[in-house]
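The structure appears below as structure tokens.
Derivation of every value follows stated rules applied to the coordinates shown; laboratory data play no part. This one's a predicted model, so the numbers in the text were calculated from it and none came from an experiment. Here the Cβ is made from the backbone with ideal geometry for all residues, glycine too, and neighbour counts use every protein chain on show.
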């Protein structure tokens, strides 16, 4: 029963991340930098309120006693804020297909970083998966004459974010609160910059809908992270890993069928390479998990 509930949490989190482009599209008239600034500010306000409501404020404040944790969270904060900015800009400039490719590539980049930063060894199937995925990227480079920078930037920043988070053991709400806290002042200054220009979009008296959506962006940042944290405590890493493909799959379907973004034969070949690589990687993960469970 616990595992079933955990799977529901995991699927809910990844489906939320998968359909979130529809929400950000409602703010395509707002500069991406301004959206990210409001996302940080309101995300911090809401997650801090959640921590206070659940009686975990004293536990959260303990973070300030650990200098190394603070340094790692600062790096994590920089990476995730950069990731948010790239993602929102890409969504609102009709590059959702590339964002989905980035999050399909992400697990494989994470495996590579495990090798580079944690000395993890790669099994034969993992090496094959990385090679196939690399082939997909090469196809796009040769066909388009350039790297899929949006996809690679999203995959790399989130994989590096995962590296930083792997070294920190904190509840999701505490980590998000501290990460957004570190960016609150720069974000507030960005908002003031738009106010000074007279182009700020947070004006409840004149445009209540846009103002409400900017606040809602903070809430929509918090909810899937809390769902994911709840799932991680209840299901295996293999189950969690398999559900993560729901997000980019939804993004791709939304891009092609809702927003009519082009999906060429080159895209199909590149995506097919990534999908094959993920299939090889997932089967290897399942087999390895079964071997570990067998009695000696």
**Message:** What percent of all Cα-Cα pairs in the chain falls into each 10 Å bin, going from 0 up to the bin containing the maximum distance?
**Reply:** 6, 25, 34, 24, 9, 1, 0
**Asked** Which residue fluctuates the most in the chain, going by a Gaussian network model with Cα springs under 10 Å, if the choices are 143, 232, 13?
**Response** 143
**Asked** Which translational diffusion coefficient, to the nearest whole µm²/s, is obtained for segment 85-142 from the Stokes-Einstein equation, given a Kirkwood hydrodynamic radius over C-alpha pairs, 10 °C and 1.306 mPa s?
**Response** 124 µm²/s
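What value does segment 5-85 have for Rg/Rh, both radii from Cα atoms and Rh as Kirkwood defines it? Walk me through the intermediate numbers first.
Working: Rg = 15.7 Å, Rh = 15.3 Å.
Rounded to two decimals, Rg/Rh equals 1.03.
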**Fill in**
Here the Cα Rg-to-2.2 N^0.38 Å ratio for segment 155-238 is 1.41
**Message:** Test of understanding: in a Gaussian network model of the chain with alpha carbons linked when under 10 Å, which of 22, 86, 109 would top the mean-square fluctuation ranking?
**Reply:** 22
**Asked** What order do you get for 90-103, 185-198, 211-224 when each peptide is scored by the mean count of other beta carbon atoms within 10 Å, highest first?
**Response** 90-103, 211-224, 185-198
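Assuming a viscosity of 1.567 mPa s and a temperature of 4 °C, what translational diffusion coefficient in µm² per second does Stokes-Einstein assign to segment 75-201, Rh being the Kirkwood radius over Cα pairs? If you can, show how the numbers build up before the last one.
Working: Rh = 16.6 Å.
Answer from the Stokes-Einstein relation: 78 µm²/s.
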**Item:** Size of segment 1-153 as Cα extents on the principal axes (Å, biggest first)
**Value:** 53, 44, 39
**Prompt:** Pick from 145, 49, 247: which residue has the top mean-square fluctuation in a GNM of the chain where Cα pairs under 10 Å get a spring?
**Reply:** 145
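Sort largest first and round to whole Å: the equivalent ellipsoid semi-axes of segment 147-296, each the square root of five times a Cα gyration tensor eigenvalue.
Numbers: eigenvalues 255, 115, 43 Å².
After diagonalising the Cα gyration tensor, the semi-axes are 36, 24, 15 Å.
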